[in-house]
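Enquirer: Before I ask anything, let me first share the structure, which is written out below as structure tokens.
The values are calculated or read from the model by the stated rules, or taken from the named source; none is laboratory data. If you're wondering where the values come from, they're calculated on a predicted model, not measured in any experiment. Glycine gets a Cβ as well: all are built from the backbone with ideal geometry, and neighbour counts include every protein chain shown. Ligands, DNA and RNA are excluded from the accessible area calculation, which covers all protein heavy atoms including side chains. Shrake-Rupley method; radii C 1.70, N 1.55, O 1.52, S 1.80 Å.
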Amino acid sequence: MTPLPVTPLTDRLHEVMRHIEHEWPSRRLLVLGDVMLDKYIWGEVGRISPEAPVPVVHATHRTEQPGGAANVAMNLAGLKASVSLFGFTGGDADEHALVECLRSQGVDPAFVSCRDFPTITKTRILGGRQQMLRLDNENLGRHEPCDHDRLLEAVLAELPKCHAVILSDYAKGVLDPAVCQAVIASSRKQGVPVLVDPKARDFSRYRGATTICPNLQELSDAMGDDSRNPDTLLARAENLVPELDLEYLTVTLSEKGIAVLRPGKRLVAPAVARQVFDVSGAGDTVIAVLGLCLASGLPVELAVQLANVAAGLVVAKVGTVPVEKNELLAALAPELAMHASDKVLTRDELQRRVAVWRAKGERIAFANGCFDLLHVGHITVLEQSRRQGDRLIVAINSDRSAGSLKGSGRPVVREADRARVLAALAVVDAVVVFDEPTPLELILAIRPDVIVKGGDYREDTIVGAKEVKSWGGEVAIVPVVDGHSTTRLIERANGLGSGVH
């Protein structure tokens, strides 16, 4: 079957970025699955052991990071969603470390401590960026029914508060068939989408979910198909959608991207090329992004492309490291050819846009004024201001503020029009309106790297100069073009100046 054409993410990038900035922070997701604590021993390899033909790793430091279903939750928290995380732990020191780490990142852990079952840990030993060995500590015996009962009771109580559910199955005992079906049935009844990252070979336990998200190997195992032909496997897998009462099947294809399957239909979103250092946790990132997209109403055709971008970011890191909202926005920013209207921002929107620029290491320049009846003097100052940084923010006085400053009859051009005209200039990256007498409050909110003023100013008379210098910023005073001002334009228009006929 020929895959269906994909509407490029770039065609709706403004919509996607607005969802990330505005919708995702208001979403709450529930993650249920096998939680773990990933431990890392970092070091360098300089020789082979004389005791056995194995490398000797000189340990330099140790780190710990939530893993398994807990890494899904960390990705959601990094993307600024609210998260409730449920799973089994051992009531031990590793559980305490896992809880502390999760809470420090804004995740709400709700674990059921189980007797005789230690908190699952995976300890990885790395020489440089190369993983040398992994040690797993776990008990894969069957949990008591009362453990599942306590867990399910807590999950069902939390479910009405949530916009999507992610079942993260690592085959460690949390997601048995009864738990899966109880959560899926209750979610469907409440209209909450359910996404499954599967591990069981029998997908029937996930029946009724919105989507199941296997990789090719997991799909092959579930279907008993070892043909090694991805096209054949995907064609057969389309039949799973009606068989398992899914809306669609989402299959990760490694370096080839992600496929969305429906009966007789296949959509493939190509992967984003990145240098790969570690694939650990990439699947967790994919399902976290897909879950947030569904929770905020983005269609799956856009969701899988966004998930590809996020996965490309995490595979370029070493270890299980979640994606963060600002780096995802920064990855999307180069594709964003902004129209003028997209540069006119509220104060909150501007702060989020600045966070993206800072994540890319860009220098932020700031200029302000009324900019009433834009003229060549204004343009010259703005051009020189842009040279002071990688991004230029222009803050303009509101109509009320400009009227108080300039007097009766001003401004001639209303604030919305002044903002739109400025935003159309290539040298301007963002325009914001402030209503206060001065832009000091705005400057404190966005903390620019440099304030630029045009004209015969002294640094000690520039609003915000002291504050900007206090955080290591600079003040730049650039020359203006003589003979150009809004007042002169108004006088000429009224026939009061010389040379007017």
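Enquirer: Out of Val452, Val432, Val413, report the one residue that is in contact with a helix residue (DSSP H, G or I) (Cβ under 9 Å, 6 or more places away or on another chain), more than 20 Å from Asp348 (Cα to Cα) and buried (at least 21 other Cβ atoms within 10 Å of the Cβ). I'd like the intermediate steps shown before the answer.
Expert: Numbers: Val432 fails: more than 20 Å from Asp348 (Cα to Cα); Val413 fails: buried (at least 21 other Cβ atoms within 10 Å of the Cβ).
Matching residue, one of Val452, Val432, Val413: Val452.
Enquirer: Looking at segment 8-38 only, could you name the residues that are out of contact with any Leu (no Cβ under 7 Å at 6 or more places or on another chain), part of a helix (DSSP H, G or I) and under 26 Å from Pro160 (Cβ atoms)?
Expert: Once the filter is applied, which keeps residues that are out of contact with any Leu (no Cβ under 7 Å at 6 or more places or on another chain), part of a helix (DSSP H, G or I) and under 26 Å from Pro160 (Cβ atoms), segment 8-38 yields His22, Glu23, Pro25, Ser26.
Enquirer: Still on this model: So which helices (runs of 4 or more DSSP H) are wholly in segment 389-461 and hold at least 2 residues that are closer than 30 Å to Gly361 by Cβ? Steps first, please.
Expert: Working: elements: 399-406, 415-423, 440-446.
Helices (runs of 4 or more DSSP H) meeting the threshold: 415-423, 440-446.
Enquirer: Looking at Ile20, is it among the β-branched types (Val, Ile, Thr), in contact (Cβ under 8 Å) with a residue 60 or more places away in the chain and more than 30 Å from Arg150 (Cβ to Cβ)? I'd like the intermediate steps shown before the answer.
Expert: Values: among the β-branched types (Val, Ile, Thr): yes; in contact (Cβ under 8 Å) with a residue 60 or more places away in the chain: yes; more than 30 Å from Arg150 (Cβ to Cβ): yes.
When the stated conditions are applied, Ile20 passes them.
Enquirer: Shifting gears a bit: Would you check if there is a residue in segment 209-216 being part of a loop (DSSP other than H, G, I, E, B), among the small types (Gly, Ala, Ser), within 23 Å of Gly87 (Cβ to Cβ) and in contact with a Ser or Thr (Cβ under 9 Å, 6 or more places away or on another chain)?
Expert: First pass over segment 209-216, keeping only residues part of a loop (DSSP other than H, G, I, E, B): 209-210, 213-214.
Okay, now just the ones that are also among the small types (Gly, Ala, Ser), so 209.
Going one step further and asking which of them are within 23 Å of Gly87 (Cβ to Cβ), we end up with 209.
Next cut, in contact with a Ser or Thr (Cβ under 9 Å, 6 or more places away or on another chain) only: 209.
Scanning segment 209-216 turns up at least one residue that is part of a loop (DSSP other than H, G, I, E, B), among the small types (Gly, Ala, Ser), within 23 Å of Gly87 (Cβ to Cβ) and in contact with a Ser or Thr (Cβ under 9 Å, 6 or more places away or on another chain).
Enquirer: Here is a follow-up. From the list Lys466, Lys406, exactly one residue is of a type outside the set (S, T, N, Q) and more than 38 Å from the chain's Cα centre (by Cα). Which is it? Lay out the reasoning, then the answer.
Expert: Values: Lys466 fails: more than 38 Å from the chain's Cα centre (by Cα).
Answer to the selection: Lys406.
Enquirer: May I pose another question? Name the one entry in Ala73, Ala97, Ala110 that is touching a residue at least 24 places away in the same chain (Cβ under 8 Å), of a type in the set (Gly, Ala, Ser), assigned to a helix (DSSP H, G or I) and more than 25 Å from Leu328 (Cβ to Cβ). Outline the logic, then answer.
Expert: On the way: Ala73 fails: more than 25 Å from Leu328 (Cβ to Cβ); Ala110 fails: assigned to a helix (DSSP H, G or I).
That would be Ala97, the only listed residue that is touching a residue at least 24 places away in the same chain (Cβ under 8 Å), of a type in the set (Gly, Ala, Ser), assigned to a helix (DSSP H, G or I) and more than 25 Å from Leu328 (Cβ to Cβ).
Enquirer: Would you point out the residue of segment 373-383, among those that are in a helix (DSSP H, G or I) and open to solvent by less than 40 Å² (accessible area, probe 1.4 Å), that is nearest to Ile477 (Cα to Cα)?
Expert: Val381
Enquirer: Residue by residue through segment 383-408, note down the ones that are in contact (Cβ under 8 Å) with a residue 40 or more places away in the chain and farther than 14 Å from Gly369 by Cβ.
Expert: Once the filter is applied, which keeps residues that are in contact (Cβ under 8 Å) with a residue 40 or more places away in the chain and farther than 14 Å from Gly369 by Cβ, segment 383-408 yields Glu383, Arg386, Gln388, Gly389.
Enquirer: What residue, among those in segment 150-177 that are more than 23 Å from Pro198 (Cβ to Cβ) and not small (Gly, Ala, Ser), is surrounded by the most Cβ atoms within 10 Å (Cβ to Cβ)? Reasoning before the result, please.
Expert: Restricting attention to segment 150-177, the residues satisfying the condition of being more than 23 Å from Pro198 (Cβ to Cβ) are 150, 153, 157, 160-161.
Then keep just the ones that are not small (Gly, Ala, Ser); that gives 150, 153, 160-161.
Values: Arg150: 15, Glu153: 11, Pro160: 9, Lys161: 11.
Looking at residues that are more than 23 Å from Pro198 (Cβ to Cβ) and not small (Gly, Ala, Ser), I get Arg150.
Enquirer: Among the residues of segment 455-477, count how many are open to solvent by less than 70 Å² (accessible area, probe 1.4 Å), touching an Asp or Glu at 6+ places or on another chain (Cβ under 9 Å) and aliphatic (A, V, I, L, M).
Expert: The qualifying residues number 3.
Enquirer: How many residues does segment 4-44 hold that are over 15 Å from the mean Cα position of the chain (by Cα) and exposed (fewer than 15 other Cβ atoms within 10 Å of the Cβ)?
Expert: Residues in segment 4-44 being over 15 Å from the mean Cα position of the chain (by Cα) and exposed (fewer than 15 other Cβ atoms within 10 Å of the Cβ): 7 in total.
Enquirer: Could you tell me whether segment 349-360 includes any residue that is outside any helix (DSSP H, G or I), under 30 Å from Glu327 (Cβ atoms) and open to solvent by less than 10 Å² (accessible area, probe 1.4 Å)?
Expert: If we filter segment 349-360 for residues that are outside any helix (DSSP H, G or I), which is where we start, we get 360.
Still in the list and also under 30 Å from Glu327 (Cβ atoms): 360.
Now restrict to residues that are open to solvent by less than 10 Å² (accessible area, probe 1.4 Å): none.
So far as segment 349-360 goes, no, none of its residues is outside any helix (DSSP H, G or I), under 30 Å from Glu327 (Cβ atoms) and open to solvent by less than 10 Å² (accessible area, probe 1.4 Å).
Enquirer: Is it true that Asp225 is surrounded by fewer than 18 Cβ atoms within 10 Å (Cβ to Cβ), in contact with a Lys or Arg (Cβ under 8 Å, 6 or more places away or on another chain), more than 23 Å from Gly87 (Cβ to Cβ) and at pLDDT 95 or above?
Expert: Numbers: surrounded by fewer than 18 Cβ atoms within 10 Å (Cβ to Cβ): yes; in contact with a Lys or Arg (Cβ under 8 Å, 6 or more places away or on another chain): yes; more than 23 Å from Gly87 (Cβ to Cβ): yes; at pLDDT 95 or above: no.
So Asp225 does not fit the description; no.
Enquirer: Six or more apart or on different chains, Cβ under 8 Å: which pairs go from a residue in segment 145-174 that's closer than 22 Å to Gly67 by Cα and of a type in the set (Lys, Arg) to one that's open to solvent by less than 40 Å² (accessible area, probe 1.4 Å) and outside any loop (DSSP other than H, G, I, E, B)? Could you list them?
Expert: If the second residue must be open to solvent by less than 40 Å² (accessible area, probe 1.4 Å) and outside any loop (DSSP other than H, G, I, E, B), the pairs left are Lys172/Met36; Lys172/Gly68; Lys172/Phe88.
Enquirer: Report yes if some residue within segment 131-144 is farther than 27 Å from Ile20 by Cα, modelled with pLDDT under 95 and in contact with a Cys (Cβ under 8 Å, 6 or more places away or on another chain); otherwise report no.
Expert: Looking for residues that are farther than 27 Å from Ile20 by Cα, modelled with pLDDT under 95 and in contact with a Cys (Cβ under 8 Å, 6 or more places away or on another chain), one finds at least one in segment 131-144, hence yes.
Enquirer: Which is under 19 Å from Leu373 (Cα atoms) and touching a residue at least 60 places away in the same chain (Cβ under 8 Å), of Ala445, Ala419, Ala426? Steps first, please.
Expert: Numbers: Ala445 fails: under 19 Å from Leu373 (Cα atoms); Ala426 fails: touching a residue at least 60 places away in the same chain (Cβ under 8 Å).
Result of the check over Ala445, Ala419, Ala426: Ala419.
Enquirer: Could I ask something else about it? Being over 30 Å from Gly90 (Cβ atoms), at pLDDT 95 or above and open to solvent by less than 30 Å² (accessible area, probe 1.4 Å) is true for just one of Leu244, Leu234. Which residue is that?
Expert: Details: Leu234 fails: at pLDDT 95 or above.
That would be Leu244, the only listed residue that is over 30 Å from Gly90 (Cβ atoms), at pLDDT 95 or above and open to solvent by less than 30 Å² (accessible area, probe 1.4 Å).
Per-residue answers, yes or no, for (1) over 22 Å from Leu175 (Cα atoms); (2) not acidic (Asp, Glu):
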site: Glu64; (1), (2): yes, no
site: Ala70; (1), (2): no, yes
site: Leu79; (1), (2): yes, yes
site: Ser84; (1), (2): no, yes
site: Cys114; (1), (2): no, yes
site: Lys122; (1), (2): no, yes
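Enquirer: Something else: Evaluate segment 134-142: report whether one residue or more is of a type outside the set (A, V, I, L, M) and buried (at least 18 other Cβ atoms within 10 Å of the Cβ). Full working, then the answer.
Expert: Filtering segment 134-142 for residues of a type outside the set (A, V, I, L, M) gives 134, 136-139, 141-142.
So of that shortlist, the ones also buried (at least 18 other Cβ atoms within 10 Å of the Cβ) come out as none.
No, segment 134-142 contains no residue that is of a type outside the set (A, V, I, L, M) and buried (at least 18 other Cβ atoms within 10 Å of the Cβ).
Enquirer: Restricting attention to segment 228-250, which residues are of a type outside the set (A, V, I, L, M), in a loop (DSSP other than H, G, I, E, B) and touching a Lys or Arg at 6+ places or on another chain (Cβ under 9 Å)? Don't jump to the end; show me each part of the working.
Expert: Step one: filter segment 228-250 for residues of a type outside the set (A, V, I, L, M), giving 228-232, 236, 238-239, 242-243, 245, 247-248, 250.
Within this subset, residues satisfying the condition of being in a loop (DSSP other than H, G, I, E, B) are 228-229, 238-239, 245, 247.
Passing the criteria: Glu238, Asp245, Glu247.
Enquirer: Something else about it: Are any residues in segment 102-118 of a type outside the set (Phe, Trp, Tyr) and closer than 26 Å to Cys162 by Cα, and if so, which ones? Don't jump to the end; show me each part of the working.
Expert: To start, the set of residues in segment 102-118 that are of a type outside the set (Phe, Trp, Tyr) comprises 102-110, 112-116, 118.
Of everything in segment 102-118, those that are of a type outside the set (Phe, Trp, Tyr) and closer than 26 Å to Cys162 by Cα turn out to be Leu102, Arg103, Ser104, Gln105, Gly106, Val107, Asp108, Pro109, Ala110, Val112, Ser113, Cys114.
Enquirer: How about segment 107-124: which of its residues are more than 19 Å from Gly68 (Cβ to Cβ) and open to solvent by less than 40 Å² (accessible area, probe 1.4 Å)?
Expert: At the first step, the residues of segment 107-124 found to be more than 19 Å from Gly68 (Cβ to Cβ) are 115-116.
Within segment 107-124, none qualify.
Enquirer: Consider segment 186-196. How many of its residues are in contact (Cβ under 8 Å) with a residue 12 or more places away in the chain, open to solvent by 60 Å² or more (accessible area, probe 1.4 Å) and outside any loop (DSSP other than H, G, I, E, B)?
Expert: Adding up the residues that qualify gives 1.
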